[in-house]
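Step one of this worksheet: look at the structure below.
Throughout, read-outs are computed from the coordinates displayed, never taken from laboratory work. The structure displayed is predicted, hence computed values, not measured ones. A quick note on method: Cβ atoms are made from the backbone with ideal geometry, for glycine too, and the neighbour counts reach across all protein chains shown.
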Amino acid sequence: MARSTDPIKTRHTATRIVKTLRDAGFNALFAGGCVRDELLGLHPTDYDIATSAIPAQVRTLFRSVHEVGEAFGVMLVTIDSTTVEVATFRTDGAYTDKRRPDGVTFSDDKSDAQRRDFTVNALFLDPTGATPATHGVVSPMGGNVIDYVSGAADLASRTIRAVGDANARLNEDHLRALRAARFAARLGFTIEPATAAAIRDHASQLSGVSRERIGEEVRRMLTHPAPVARAKAAALLQGLTLDAPALGETTASTPTASIASLPAGTPFAGTLAAWLIERHRLYVPVDPRPDPRPMVTRIRASLCLTNAERDALHEVLECFSDLMAGWCTRRIAGQKRWAARAGFAHALACLQPHQPEVADKVRERLAQLGSDGIGISPTPLVDGESLIELGFRPGPVFKSLLDRLYDEQLEGRLNSKTQAVELAKVWGV
Ligand code: ATP
Ligand code: MG
């Protein structure tokens, strides 16, 4: 891992660190995701270095070294305000807790490749070119690829394949199942059959993984910049039967296409809402509409949502319910109040693929409301302070008075503060 926003600078710093380690007689290579991404023609922003130097030796070679997991041989080296993760080659011990190895043994690059999750994540790269390329593969950014697990071939055929025995590797660490889905969706790769079968076999054990980590993986999948990749992730989770343990629901085999049609900038909560709407067929008209709250509470616990994410999810589902329950038949003030809500646009985007005619009608109506000379959410002509100046006391009546005045304004029956104050005086007695 490297923290810098400039990928070229980060690579340059990571290369300097590799050179320093190699000049001191150690083996040092770029490892994992950065090699995969370089070979795919992407510019990694994160560089991880794997080395034969143990933490005490790394510490003698660089001025700024922070330990993040010395027992695992993981250090952070900072040069010119760019931080790169440097980890000692290691072999993982047994995974008693199904998430982390009990202990590690420092080893060499070949065994370090074996502990990694997927072949495309187990590649090394010598940016100095000193180590010969294993299969003649070089990075477009320079340097030779060292490949002990046929990861380069899997990269070329766009395949996610577990390193070693898929069943054993998925059983060792259940989070790998979600990682497989995330990489396959993000890169547009296919999960190789034995790996997919092992994921399905161990899917129910995902519930043993911490909710924070499950939530983080799902969040990363559903916030991919491309909505198509988000939809693919949701489809993969369902296809691999990971949706039930991840979301705390029964497995669904519903389509996920509506996610693909969401606008690119849709936030996590909007995408999650679209997925839930599809899974629970919330786009089918029913009367009365179900209260979204129990679902939100459950998803919040399953994915360890933040309060803001929970509120945003509730907001979109509530707006969606209102659209389904007949927003089009509301009076002007009601339509404007709902349209002004934070979740309304996302809810409308969720409605579009299921009820295109209704969504088009809503958009048409929104255009009319927005150009009626008043607007959808004008600044209120009177606010609480103005009422206090008139001698009103804050309380429930006060709030409903303000609401009624604002409705009058939204409907175009009040055009000035003077008019509003006069009406407040009449209504307030
Ligand atoms: P990303 O671009 O999402 O950061 P990445 O491949 O760099 O992708 P990281 O989570 O940063 O993924 O992990 C770095 C590397 O560590 C991986 O490429 C993989 O080799 C290894 N790794 C990470 N998590 C696991 C795991 N759960 N099991 C085995 N190896 C793992
Ligand atoms: Mg990474």
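Based on the Kirkwood radius over alpha-carbon pairs, what is the Stokes-Einstein translational diffusion coefficient of the range 1-154 at 37 °C with 0.692 mPa s viscosity, in µm²/s?
Diffusion coefficient, whole number: 214 µm²/s.
What lysines does K336 reach when the alpha-carbon gap must be under 19 Å and sequence neighbours fewer than 8 apart in one chain are set aside?
By straight Cα distance, K336 reaches K361, K399.
Could you compute Rg(Cα) / (2.2 N^0.38 Å) for the chain, with N its residue count?
So the Cα radius of gyration is 1.27 times the expected 2.2 N^0.38 Å.
Return one number: the angle in degrees, 0 to 90 and rounded to the nearest 10, between the long axis of the Cα atoms of helix 396-410 and the longest principal axis of the Cα atoms of the chain.
90 degrees
With each run of n ≥ 4 DSSP H residues scored as -39500 (n - 2.57), what mean residue ellipticity at 222 nm is computed for the chain after dividing by its residue count and rounding to the nearest 500 deg cm²/dmol?
It comes out at -14500 deg cm²/dmol, rounded to the nearest 500.
Give a residue-ordered list of calculated ³J(HN,Hα) values for the range 196-212 (Karplus: 6.51 cos²θ - 1.76 cosθ + 1.60, θ = phi - 60°; whole Hz; x for Gly, Pro).
5, 5, 5, 4, 4, 4, 9, 3, 5, 7, 4, 4, x, 7, 4, 4, 4
Mean-square fluctuation check for the chain, GNM, Cα pairs under 10 Å: which of I374, I388, I299 is largest?
Highest fluctuation among the options: I388.
How far is helix 307-325 tilted, in degrees, relative to the longest principal axis of the Cα atoms in the chain, given as a value from 0 to 90 rounded to the nearest 10?
50 degrees
Projected onto the charge dipole of the chain (+1 at Lys/Arg Cβ, -1 at Asp/Glu Cβ, origin at the Cα centre), which of H346, G41, S64 gives the Cα projection farthest towards the positive end?
H346
Residue by residue through the range 9-20, which ³J(HN,Hα) values in whole Hz follow from phi under the Karplus form 6.51 cos²θ - 1.76 cosθ + 1.60 (θ = phi - 60°), with glycine and proline marked x?
5, 4, 5, 4, 5, 4, 5, 4, 5, 4, 4, 4
Given springs between every Cα pair under 10 Å in a Gaussian network model of the chain, which of T306, T13, T88 has the largest fluctuation?
Highest fluctuation of the listed residues: T306.
With a 10 Å cut-off between alpha carbons and a GNM built on the chain, which of G215, G239, G384 moves the most?
Per the Cα network of the chain with a 10 Å cutoff, G384 tops the list.
Need one number: % antiparallel among DSSP beta bridges in the chain, to the nearest 5.
Roughly 80 percent of the beta bridges in the chain run antiparallel, per DSSP.
Tell me the relative contact order for the chain as a rounded percent, counting alpha carbon contacts under 8 Å between residues six or more apart.
Once divided by the residue count of the chain, the mean separation gives 8 percent.
Can you return the lysines within cross-link range of K19? Criterion is Cα-Cα under 19 Å, with same-chain partners fewer than 8 residues away left out.
Correct list for K19: K9.
For the Cα atoms of the chain, what angle does the longest principal axis make with the long axis of helix 417-428, in degrees from 0 to 90, nearest 10?
70 degrees
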